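A.B. asks: Let me give you the structure first, and then I'll get to my questions.
Just so it is clear, none of the values below were taken in a lab; they were calculated from the coordinates. Worth saying up front: this structure is predicted, and the values here are computed from it rather than measured. With ideal geometry, Cβ positions are generated from the backbone for all residues, glycine too; neighbour counts draw on all protein chains shown.
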Amino acid sequence: MGSKREATGQAQRVYTRALELAQMLIAVPSYNPPGNERVIAEVVRDVLRPSEIEATLVPLDKDRCSLVARLKGRRRGSLVLCGHLDTVKAEESKWSTPPLKPHIQSGRLYGLGAADMKSGVALMLALAMELAEQRLLPPNDLVLLLTADEEVGYRGAASVAKSGLVDDAQMLLVLEPTGCEAYGGQKGELWLRAEFDGREAHGSIPECGVNAISLAVRLMETIETAVAELQPVPGRGRTDTPRVPRRLNYVDATVARAAAGC
Ligand SMILES: [Zn+2]
């Protein structure tokens, strides 16, 4: 009975601290682009320090870095809790309140990154701090891995992987928001940039020309047909039609001339 009460107290402490930390992190801008995650990484490092959790900043670019912190466990190997420090850019005109001013309304936390994923990061920090402060040794090392550049190119994750700091990982949990469902993987992603060259031809001999836009359309149709045949993977979702710019406002001169067919 005593231990149950203790566990309830611990859970309450972790919850309360996670909520405070989430609000603190939301107020630190880390839009990507440009990212500049160094500021928020240093905030996290300073948050962990009083709990005697040492954090290493893993540099990426100027003003950008990821963070790795480790809590010693009883045995070799590690469980990695993973999150990212950056957020997408806020389109402020679409917000009813300032995105960097967190607020709680009807039991919900609002602010940029409240879902994706400063709350997840805050929970990781709160859990590790509770373990450290209560001198609770986890079975294996507990590693906190907070990456830069998740929203654009995943380069922060790649640089941490190369750093050797998580080479002993036995399991990795990503605390992205998934509606409280556990998933066993994630879709891949391919960023493709393609350029098409047509061939100009005089209006009297259009059959000698090649329309670059037609070539681009053919590629898109081929990709969409291939994607439509992919089956959903349970627990991972389904690979979907490629994302394209919302609006095309630039047409390469070659494309335009070829499209004109003259
Ligand atoms: Zn995310």
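A.B. asks: Of all DSSP beta bridges in region 18-152, what percent run antiparallel (nearest 5)?
C.D. replies: DSSP beta bridges in region 18-152 are roughly 60 percent antiparallel.
A.B. asks: Just the number, please: Stokes-Einstein D of the chain in µm²/s, Kirkwood Rh from C-alpha pairs, 10 °C, 1.306 mPa s. Write out the running numbers ahead of the final one.
C.D. replies: Numbers: Rh = 21.6 Å.
Translational D for this selection: 74 µm²/s.
A.B. asks: Something else about it: Could you grab the relative contact order for region 2-174? Cα pairs under 8 Å, six or more apart, rounded to a whole percent.
C.D. replies: 33 percent
A.B. asks: Suppose every Lys and Arg Cβ carries +1 and every Asp and Glu Cβ carries -1, with no other charges. What dipole size does region 140-187 come out with about its Cα centre, to the nearest 20 debye?
C.D. replies: Values: 3 positive and 8 negative charges, 30 e Å.
So the magnitude is around 140 debye.
A.B. asks: Right, next: In the Gaussian network model of the chain, springs joining C-alpha atoms below 10 Å, which of Cys208, Cys65, Cys180 carries the largest mean-square fluctuation?
C.D. replies: Taking springs between Cα atoms under 10 Å, the residue moving most is Cys208.
A.B. asks: Just Gly77, Gly209, Gly184 to compare: in a GNM of the chain, with alpha carbon springs under 10 Å, which one fluctuates most?
C.D. replies: Judging by the Gaussian network model, the answer is Gly209.
A.B. asks: With unit charges on the beta carbon (Lys/Arg positive, Asp/Glu negative), name the residue among Pro102, Val47, His202 whose Cα is farthest towards the positive pole of the charge dipole of the chain.
C.D. replies: The Cα lying farthest towards the positive end belongs to Val47.
A.B. asks: Also, quick follow-up: For region 155-203, what mean projected area does the convex hull of the alpha carbons give, in nm²?
C.D. replies: With the hull built on Cα positions only, its mean projection is 7.6 nm².
A.B. asks: Give the long-range amide H neighbours of Val58: residues separated by 5 or more places, or on another chain, with amide H under 5 Å away, using H modelled in the peptide plane at 1.01 Å from N.
C.D. replies: Sorted by chain and number, the residues that satisfy this are Ser66, Leu67, Val68.
A.B. asks: Expressed in nm to one decimal, what extension gain is obtained for the pair Arg13 and Glu54 from 0.36 nm per residue of sequence separation less their Cα-Cα distance?
C.D. replies: 12.6 nm
A.B. asks: So which residue, out of Ser51, Ser159, Ser93, gets the largest mean-square fluctuation from a GNM of the chain using Cα contacts under 10 Å as springs?
C.D. replies: Among Ser51, Ser159, Ser93, the largest mean-square fluctuation in the Gaussian network model of the chain belongs to Ser93.
A.B. asks: Roughly how many debye, to the nearest 20, is the charge dipole of the chain about its Cα centre, given +1 on each Lys and Arg Cβ, -1 on each Asp and Glu Cβ, and no other charges?
C.D. replies: Charge dipole, the chain, about its Cα centre: 780 debye, nearest 20.
A.B. asks: Follow-up. Would you calculate the convex hull of the Cα atoms in region 1-138 and tell me its volume per residue in Å³?
C.D. replies: 113 Å³
A.B. asks: Give me a comma-separated list of calculated 3J(HN,Hα) values for region 127-132, in order, Karplus coefficients 6.51, -1.76, 1.60 applied at θ = phi - 60°, integers in Hz, x for any Gly or Pro.
C.D. replies: For region 127-132, the Karplus-derived couplings read 4, 5, 5, 5, 4, 5 Hz, x marking Gly and Pro.
A.B. asks: For the pair Leu173/Glu224, report the inter-label distance in nm, with labels modelled 7 Å from Cα in the Cβ direction.
C.D. replies: Output for this residue pair reads 4.1 nm.
A.B. asks: Of all DSSP beta bridges in the chain, what percent run antiparallel (nearest 5)?
C.D. replies: Just about 50 percent of them are antiparallel.
A.B. asks: Among 214-222, 116-124, how do they line up from the highest to the lowest mean number of other beta-carbon atoms within 10 Å?
C.D. replies: Working: 214-222: 12.7, 116-124: 24.0.
Highest mean packing first, the order is 116-124, 214-222.
A.B. asks: For region 4-11, in order, what is each residue's ³J(HN,Hα) by Karplus, 6.51 cos²θ - 1.76 cosθ + 1.60 with θ = phi - 60°, in whole Hz (x at glycine and Pro)?
C.D. replies: Those phi angles translate into 5, 5, 4, 4, 4, x, 4, 4 Hz.
A.B. asks: Also: 222 nm [θ] for the chain, helices only, -39500 (n - 2.57) per DSSP H run of 4+, per residue, to 500?
C.D. replies: It lands at -10500 deg cm²/dmol.
A.B. asks: If you line up the Cα atoms of region 114-154 on their principal axes, what length do they span on each, largest first, in Å?
C.D. replies: Sorted from largest, the Cα extents of region 114-154 read 37, 21, 12 Å.
A.B. asks: Hey, what do the phi angles of region 174-187 turn into as Karplus ³J(HN,Hα) couplings, whole Hz, using 6.51/-1.76/1.60 and θ = phi - 60°, x for Gly and Pro?
C.D. replies: Those phi angles translate into 9, 8, 5, x, 10, x, 6, 9, 8, 10, x, x, 7, 5 Hz.
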